[in-house]
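The values are calculated or read from the model by the stated rules, or taken from the named source; none is laboratory data. Just so we're clear, the structure is a prediction, and the values are computed from it rather than from any experiment. Quick reminder, even Gly has a Cβ in these numbers, built from the backbone with ideal geometry, and neighbours come from all protein chains shown.
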Amino acid sequence: MSTTKRVSMGIVLAVVAWGCDGIESRRGSGHSPLTGGGPTLHQNTQRYRNAGIQPATGRSGSASIEVSALLAQNGTTDIEVSTAAPGVLAHVQIKIFNAAGDVLRTDNYEVDSSDVIFTYSDLARRQPIQVQASVGDLDGRRTDVVTNTTVVAARPDLAVTSLSYPAQANTGQDVSIGATVAELNGDVGAQADCVLAVDGAEVDRSVGIWVDAGSVVTCRFIHRFDTSGVHTLRVSAVNVTPADWNLSNNSLDGSIAIGGERPIQYQVQAQETSWVFVHHIDAWANWPSGPQDLLVDERQVGWQQSRTFDGSFDGRLNFPIASLDMVDSTDGNIITSEHFTNLDAANSWGDDTNGGACAFFNDDTAFASICSQWFGGFFAQTTISAFRDGGDVSYHSEGYARYWGWYFDPTMTWNGGYWVWNSTTDTKTGPQVRLGSTYKVDFSIQSGDTWAAHTTFPLSAFTGGWDNPYTCRTFMTSGQWCESSSQVTSGVQGWTQSF
């Protein structure tokens with residue numbers, strides 16, 4: 001099939017090729033302008049690599065053309081044909097091929113422009129095409145015919161895939177914020193502007209970055225937050241050229257807490273174990289003639305979990321504590337969420353020069369102690385211990401009982417230790433929340449100043465157990481006793497620290 005159409009003017013200006021400050025595929029021998037042997041710096045206009053499908057080029061005499069065919073997500077393909085000034089495209093013929101090389105259709109266009117786009121709705125990715133163009137006005141006397149072949153490529157799909165920045169920072173502090181930008185379709189690269197917005201307003205921009213086909217780059221920003229509170233972050237890839245396949249993944253949001261917090265040094269652990277115990281017994285008083293006298297099929301299933309937070313910081317707490325918050329979660333599911341206000345000291349000792357004070361809380365989900373001690377008026381330290389013991393009850397040793405006993409019951413004697421329920425009632429309460437692949441803790445104390453710890457860490461899976469195979473032995477002279485047992489354990493565990 002052959003058709004002839006006339007286009008009177010160019011539709012899209014020729015694309016100017018830009019680069020970015022990404023990772024070099026080949027490092028030059030030049031030294032960095034930074035002192036101390038830093039990395040070599042490159043202008044964004046210098047592409048680190050361009051390994052995708054390139055626009056096809058062809059030449060005849062002094063005439064040349066460049067051809068690209070880009071498929072959009074909606075199924076339309078833009079075939080762009082351009083020639084360098086002062087050349088003008090006079091006639092363009094486009095042939096569409098199948099994978100075997102057979103011509104499916106031939107379209108002819110009369111044009112009068114140096115750059116033109118033809119849009120098709122029935123082409124497939126990697127489908128071959130051929131463009132033949134007549135180029136005039138180069139020397140005023142002749143028209144050159146240039147032929148070029150290429151394949152249909154998917155438009156670039158730039159996506160902001162991750163953000164990296166501290167969970168909190170101080171007011172007036174310069175915060176480094178990173179974002180990874182990936183090209184997901186793998187056919188052609190693209191240029192874009194990488195933009196950081198804080199609380200909805202643009203604050204920083206990297207202009208004309210280049211992301212090669214199937215590649216990943218990082219945009220790095222610096223921003224100083226002058227006001228405390230939680231601030232929203234958004235990193236976007238904008239002004240994408242060639243036009244982006246999917247704009248819905250061009251931005252990624254986050255938030256950062258600024259000001260008002262001093263760090264708590266911490267150690268955190270979380271552990272959970274599940275087990276299945278199976279026990280089988282066959283017994284006969286008279287073997288093999290008598291009937292079976294005993295049959296036992298026993299199966300026990302159980303689990304236990306423990307979570308512990310220990311922290312400290314240099315400084316003295318003023319009691320009563322204005323607020324205390326402790327939240328822990330696994331895979332985004334909250335396990336414990338505690339909020340206390342006006343938490344007073346349970347006891348105190350000494351004076352303002354040398355002394356200390358402690359506060360406690362205890363409920364169905366956790367126990368915590370917060371103790372401040374100060375020495376000589378020049379040094380003070382606060383320690384925190386918060387935990388949830390596994391099982392129904394916890395047994396406290398004599399030493400532990402003597403240490404904390406004055407708080408729980410000052411009149412009780414502590415010889416031999418004691419035990420307590422692991423909830424404020426004699427039965428387990430609340431829904432069971434199993435530990436997943438991650439564990440997160442957010443702990444903060446506000447008493448004049450604010451001290452806080454925020455951490456997330458992975459939990460690793462483990463398995464174990466034992467197996468006693470089915471064996472038989474003589475029982476009561478003429479009988480037989482046969483027995484097997486096994487236990488399978490599995491769980492997750494992990495820990496982290498900031499000391």
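Of all residues in region 333-354, which are assigned to a loop (DSSP other than H, G, I, E, B) and without any contact (Cβ under 8 Å) to a residue 60 or more places away in the chain?
Hits for region 333-354 are 344, 345, 351, 352, 353, 354.
Of all residues in region 326-353, count the ones that are aromatic (Phe, Trp, Tyr) and surrounded by 17 or more Cβ atoms within 10 Å (Cβ to Cβ).
Number satisfying all stated conditions: 1.
With 122, 112 as the choices, which residue is in a loop (DSSP other than H, G, I, E, B), of a type in the set (Asp, Glu) and surrounded by fewer than 20 Cβ atoms within 10 Å (Cβ to Cβ)?
None of the other options fit; the residue is 122.
If residue 243 satisfies all but one of (1) in contact with a His (Cβ under 6 Å, 6 or more places away or on another chain); (2) part of a loop (DSSP other than H, G, I, E, B); (3) not charged (D, E, K, R), what's the number of the condition it fails?
(1)
Against the definition (on the phi < 0 side of the Ramachandran plot and part of a loop (DSSP other than H, G, I, E, B)), how does residue 317 come out, yes or no?
So residue 317 fits the description; yes.
With respect to residue 309, determine if the residue is under 38 Å from the mean Cα position of the chain (by Cα), modelled with pLDDT of 90 or more and in the same structural domain as residue 497 (by TED's automatic domain parsing).
When the stated conditions are applied, residue 309 passes them.
Are there any pairs, at least 6 apart or on different chains, whose C-beta atoms fall under 7 Å, with the first in region 296-310 and aliphatic (A, V, I, L, M) and the second modelled with pLDDT of 85 or more, and if so, which?
Within 7 Å, the pairs are 296/279; 296/280; 296/281; 301/276.
Considering only residues that are crowded, with 18+ Cβ neighbours inside 10 Å and either of a type in the set (A, V, I, L, M) or assigned to a strand (DSSP E or B) (or both), which ones fall in region 217-230?
Within region 217-230, 217, 219, 221, 223 qualify.
Do we find that residue 451 is farther than 30 Å from residue 290 by Cβ and modelled with pLDDT of 95 or more in this structure?
No: the conditions fail for residue 451.
Name the residue that is farthest from residue 327 (Cα to Cα), counting only residues in region 261-294 that are under 38 Å from the mean Cα position of the chain (by Cα) and aromatic (Phe, Trp, Tyr).
Filtering first and then ranking leaves 277.
Look at region 46-90 and say how many of its residues are at pLDDT 90 or above, among the hydroxyl-bearing types (Ser, Thr, Tyr) and part of a loop (DSSP other than H, G, I, E, B).
Residues in region 46-90 being at pLDDT 90 or above, among the hydroxyl-bearing types (Ser, Thr, Tyr) and part of a loop (DSSP other than H, G, I, E, B): 3 in total.
State yes or no: is residue 351 closer than 28 Å to residue 270 by Cα, assigned by TED's automatic domain parsing to the domain that holds residue 436 and among the charged types (D, E, K, R)?
No: the conditions fail for residue 351.
Could you run through region 458-481 and say how many residues are surrounded by 16 or more Cβ atoms within 10 Å (Cβ to Cβ) and part of a strand (DSSP E or B)?
Count: 4.
How many residues does region 51-81 contain that are in contact with a Gly (Cβ under 9 Å, 6 or more places away or on another chain) and small (Gly, Ala, Ser)?
Going through region 51-81 one residue at a time, the tally reaches 5.
Of the residues in region 250-287, how many are of a type in the set (S, T, N, Q), closer than 30 Å to residue 173 by Cα and outside any strand (DSSP E or B)?
Number satisfying all stated conditions: 1.
Under the condition of being among the small types (Gly, Ala, Ser) and more than 41 Å from the chain's Cα centre (by Cα), which residue from region 66-98 is farthest from residue 189 (Cα to Cα)?
Applying the filter and picking the extreme gives 90.
From the list 88, 92, 103, 116, which residue is touching a residue at least 60 places away in the same chain (Cβ under 8 Å) and not charged (D, E, K, R)?
The match here is 116.
Restricting to region 148-171, and then to whatever is surrounded by fewer than 14 Cβ atoms within 10 Å (Cβ to Cβ) and part of a strand (DSSP E or B), can you tell me which residue is modelled with the highest pLDDT?
161
Could you say which residue among 109, 165 is more than 19 Å from residue 58 (Cα to Cα) and either of a type in the set (Ser, Thr, Tyr) or not assigned by TED's automatic domain parsing to the domain that holds residue 183 (or both)?
Exactly one residue qualifies, and that residue is 165.
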